[in-house]
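Notes follow the structure.
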Amino acid sequence: DTGVSQDPRHKITKRGQNVTFRCDPISEHNRLYWYRQTLGQGPEFLTYFQNEAQLEKSRLLSDRFSAERPKGSFSTLEIQRTEQGDSAMYLCASSFPGGSGSYEQYFGPGTRLTVT
Amino acid sequence: GEDVEQSLFLSVREGDSSVINCTYTDSSSTYLYWYKQEPGAGLQLLTYIFSNMDMKQDQRLTVLLNKKDKHLSLRIADTQTGDSAIYFCAVMYSSASKIIFGSGTRLSIRP
């Protein structure tokens, strides 16, 4: 198992452009989470999926943000009409509740977005 | 509301013990975590404790939980240069849902 992977690792885009990030969770993990981390802060929750169902969305997730997990495996996070305030590290995590692995969220390396 | 607070910096001498403290506001916590983040790297889960436990020890790491005071601490024994990182306290308030993170404590090691 190679852990949670995210692609791309870095993205530079111009204001107003759309961007899409991908997250591949640890295999067999049925829960997938998206967080955003800005410089000097801890990660902030954005949304999470159980299998393909999106169960919770933060108020941080404006209507320019959309996340999908169509087959309950990988997930995508799209930001439309990017703004400079969207510049951050976008982190993905996965977990498999139950037994000894209950509620341990394992994080990927993140996608660093810079909006110019 | 849900809030997690940590001091921003801690400096310790190599070989000493480091104690990183955290307080949280909501008493309905279920799981409490410590994550480590090194420069340019992702978040590494160090350890976690269930809310019905007082203490958990794992090699050089000791986690203490005081539910009455809503206080969590992480003790690193025999601190090494490789322990230099930002340490995040995090709390989960309902099963398998979001984790609320503190702002992180930057641990620096002096020779």
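Just A:Q84, A:Q41, A:Q105 to compare: in a GNM of chain A, with alpha carbon springs under 10 Å, which one fluctuates most?
Taking springs between Cα atoms under 10 Å, the residue moving most is A:Q41.
Which is farthest toward the positive dipole end of chain A among A:Q50, A:G108, A:F96, measuring Cα position about the Cα centre, with Cβ charges +1 (Lys, Arg) and -1 (Asp, Glu)?
Of the listed residues, the answer is A:G108.
Quick check: pseudo-label points 7 Å beyond the Cα along Cα→Cβ at B:N21 and A:R81, how many nm apart are they?
Label at B:N21, label at A:R81, 4.7 nm between them.
Rounded to whole Å, give me the distance from the Cα center of segment A:1-26 to that of segment B:6-46.
Result: 26 Å between the Cα centres.
Restrict the search to segment A:23-116; then list the GluC sites (Glu not before Pro) that DSSP places in a loop and that have at most 11 other Cβ atoms within 10 Å of their Cβ.
A:E28
For chain A, what is the convex hull volume of the alpha-carbon atoms per residue, in Å³?
So the per-residue hull volume is 98 Å³.
Using DSSP to define loop residues, name the trypsin sites (Lys or Arg not before Pro) in segment A:27-62 whose beta-carbon has at most 16 other beta-carbon atoms within 10 Å.
Here the trypsin sites (Lys or Arg not before Pro) that fit, given the DSSP loop and packing criteria, are A:R59.
Running a GNM on chain A with Cα contacts under 10 Å, which residue among A:D63, A:D86, A:D24 ends up with the highest mean-square fluctuation?
Top of the fluctuation ranking is A:D63.
How large is the charge dipole for segment B:43-84, taken about the Cα centre, if only the Cβ atoms of Lys, Arg (+1) and Asp, Glu (-1) carry charge, to the nearest 20 debye?
200 debye
Taking trypsin sites (Lys or Arg not before Pro) as exposed when DSSP calls them loop (any state but H, G, I, E, B) and at most 15 other Cβ atoms lie within 10 Å, what is the longest stretch of chain B free of them, the sites themselves excluded?
B:1-59
What does the structure give for B:101-110 when I average, per residue, the other chain Cβ atoms found within 10 Å of the residue Cβ?
2
Springs between alpha-carbon pairs under 10 angstrom, Gaussian network model over chain B: which of B:A90, B:A77, B:A41 fluctuates most?
Among B:A90, B:A77, B:A41, the largest mean-square fluctuation in the Gaussian network model of chain B belongs to B:A41.
Taking the Cα centre of the protein assembly as shown as origin, work out the dipole magnitude from +1 charges on Lys and Arg Cβ and -1 charges on Asp and Glu Cβ, in debye rounded to 20.
Computed about the Cα centre, the dipole is about 460 debye.
Here are some pairs, A:K11/B:K70; A:K57/B:K36; B:K68/B:K98; A:K71/B:K67; A:K11/B:K36; A:K11/B:K67; which of them have Cα atoms lying more than 31 Å apart in this structure?
In this structure, A:K11/B:K70; A:K71/B:K67; A:K11/B:K67 exceed 31 Å between Cα atoms.
What chymotrypsin sites (Phe, Trp or Tyr not before Pro) in segment A:1-45 are in a loop by DSSP, with at most 13 other Cβ atoms within 10 Å of the Cβ?
In loop regions of segment A:1-45 (DSSP not H, G, I, E or B), there are no sparsely surrounded chymotrypsin sites (Phe, Trp or Tyr not before Pro).
Can you work out the base-10 log of I(q)/I(0) for chain B at q = 0.19, 0.21, 0.22 1/Å, using the Debye formula on its C-alpha atoms alone?
Taken in order of the listed q values, log10 I(q)/I(0) reads -0.93, -1.12, -1.22.
Hey, could you get me the Stokes-Einstein D for the protein assembly as shown, Kirkwood radius over alpha-carbon pairs, 25 °C and 0.890 mPa s, rounded to whole µm² s⁻¹?
Answer, rounded: 135 µm²/s.
Values in this text are rule-based calculations from the coordinates and carry no lab data. Fair warning: this is a prediction, and the values are worked out from it, not measured in the lab. Backbone-built Cβ (ideal geometry, glycine too); neighbour counts: all protein chains shown.
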